[in-house]
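Comments concern the structure below.
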Amino acid sequence: MDELRRIDLNLLLTLHALLAEKHVTRAALRLNKSQPAVSHALAQLRTRFGDPLLVRHGGRMVLTARAEALTQPLEDALTSLNGLLSAPDFDPSLTRRRFRLSLSDYASRIVLPPLVRHVRHEAPGLDLAISQAGREAMLAQLTDGELDIALGVFPDVPEDIEVQTLFQEEFISLADKAVLPAQGELSLEEWLERPHIMLAMRPDANDEIETALAARGLRRHLAVTLPHWSAAVDLLAGTDLILTVAGRAVGPMQRHRALRKFTPPLDLPRFAYQQAWHIRRANDPAHRWLREAVLTCSQPANSQNLSTRRPERPAEALAAQP
């Protein structure tokens, strides 16, 4: 125990963050400390271990061999210590936190309403701040500590990002009934001849549909490109446009009596809609609770139940929450 008496154990937490992030500013975000404080701690750690620990190479910070050797033993030691000291239970009704989520208006329509109802019922002290960004921007924001959870399609993620599939989704096409054959569906040639709407955060983006077309050496005419899922369906009635989107984005067809949905005449495989988070958040009890809530509220049956369930607590009890 002599060595433990000679070191501030808070320095080990800082070392753990530095080894994980390989970046002083991101380690400071992870620890909720200032960047100068973490820089000062790094200087102390370098003196204590007689090693620079982090060195600049090729425009980025990398771990020294000594730092690499410390990574797993330090992880094991802190995990054991955290398990010894952590509270046995997490009570969502008592938590006071603010989480930052990024999701498109597709997820805002099908996931967010039941999620907000669930959070208000089970964890009224938990606040949600919602933003919207493209796939690459969301992953960067998770890495930089600017986001807690991102919802989307993430076929390729960095090794420090974890993903969980919320549900499997499939594509459908939609068009005005008046411009579709009375019987049957469009052939691929007819489908390609029509003008299309593409949903994308940027006009030059390539989505899964464009990727599938490019693999066959095909292109479609994109007459309208926009980032708003909810508005896209409203553009179809009275036009010759075709919209190909995830099936759950459309909702009940009773709302769109002038339209007809049909199977795209192109092999578009089902895809996984996911939530993603940085590994630094993996063991946070409140974060874990919110991830489980997102998963639950993403399921069609559960979304229906949660969206119609009324709070069991009296309104006076909710109003009394600080």
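The values are calculated or read from the model by the stated rules, or taken from the named source; none is laboratory data. Worth saying up front: this structure is predicted, and the values here are computed from it rather than measured. Backbone-built Cβ (ideal geometry, glycine too); neighbour counts: all protein chains shown. The area values use the complete protein model at the heavy-atom level, side chains included, leaving out ligands, DNA and RNA. Shrake-Rupley method; radii C 1.70, N 1.55, O 1.52, S 1.80 Å.
Per-residue extension of 0.36 nm, minus the Cα-Cα distance of Arg257 and Phe49, leaves a gain of 67.8 nm for this segment.
Result for the chain in a Gaussian network model with C-alpha springs under 10 Å: among Leu174, Leu266, Leu139, the largest mean-square fluctuation is at Leu266. Oblate is the label for the chain. Its Cα gyration tensor axes, ordered a ≥ b ≥ c, give a/c of at least 1.5 and b/c at or above a/b.
Here each label is just a point 7 Å from Cα along the line to Cβ, and for Arg97 and Ala282 those points are 1.6 nm apart. What is the stretch 87-153 by shape, rounded, prolate or oblate, if you read a ≥ b ≥ c off the alpha carbon gyration tensor as root eigenvalues and call it rounded for a/c under 1.5, prolate for a/b larger than b/c, and oblate otherwise? Taking the square roots of the gyration eigenvalues as a ≥ b ≥ c, the stretch 87-153 is oblate. Most simply put, the stretch 1-152 has about 35% antiparallel DSSP beta bridges, counting only bridges with both residues inside it. To the nearest 0.05, how large is the calculated FRET efficiency for Ala37 and Ala231 if R₀ is 51 Å and r is the Cβ-Cβ distance? The computed FRET efficiency comes out at 0.65.
For the chain, the antiparallel share of DSSP beta bridges with both residues in that region comes to about 60%.
With a 1.4 Å probe and all protein chains left in place, how much of the accessible area of the stretch 255-301 comes from carbon and sulfur atoms, in whole percent?
Answer for the stretch 255-301: carbon and sulfur cover 51 percent of the accessible area.
Quick one: among Pro73, Pro203, Pro155, which has the greatest mean-square fluctuation in a GNM of the chain with alpha-carbon springs under 10 angstrom? The residue that fluctuates most here is Pro73. Rounded if a/c is under 1.5, else prolate if a/b beats b/c, else oblate: with a ≥ b ≥ c from the C-alpha gyration tensor eigenvalues square-rooted, which is the stretch 54-207? Because a/c hits 1.5 or more and a/b fails to exceed b/c, the stretch 54-207 counts as oblate. Peptides 268-274, 182-188, ordered by how many other C-beta atoms sit within 10 Å of their residues on average, highest first, read 268-274, 182-188. Within the chain, the selection of entire DSSP H helices by a Cα span of 30 Å or greater along the long axis and an average Kyte-Doolittle value of at least -0.5 returns 65-85.
Taking the Cβ of Ala150 as the center, what net charge do the other residues with Cβ under 13 Å away carry, scoring Lys and Arg +1 and Asp and Glu -1? Residues near Ala150 contribute -1 overall. With 0.36 nm allotted per residue and the present C-alpha distance subtracted, the Arg109-Glu189 stretch has 25.5 nm of extension available. Phi angles of the stretch 265-279 translate, via the Karplus equation with coefficients 6.51, -1.76, 1.60 and θ = phi - 60°, into HN-Hα couplings of x, 8, 6, 10, x, 4, 9, 8, 8, 10, 10, 10, 8, 7, 4 Hz per residue; Gly and Pro are given as x.
For every other residue with a beta carbon closer than 12 angstrom to the beta carbon of Leu63, add +1 if it is Lys or Arg and -1 if Asp or Glu, then tell me the sum.
+1
Mind checking the per residue accessible area of the chain for me, 1.4 Å probe, whole number of Å²? Provide the component values of the computation, followed by the final result.
Numbers: 17580 Å² over 322 residues.
Per residue, the chain has an accessible area of 55 Å².
Maximal additional length on extending the Ala182-Ile7 stretch stands at 55.1 nm, based on 0.36 nm per residue less the C-alpha distance.
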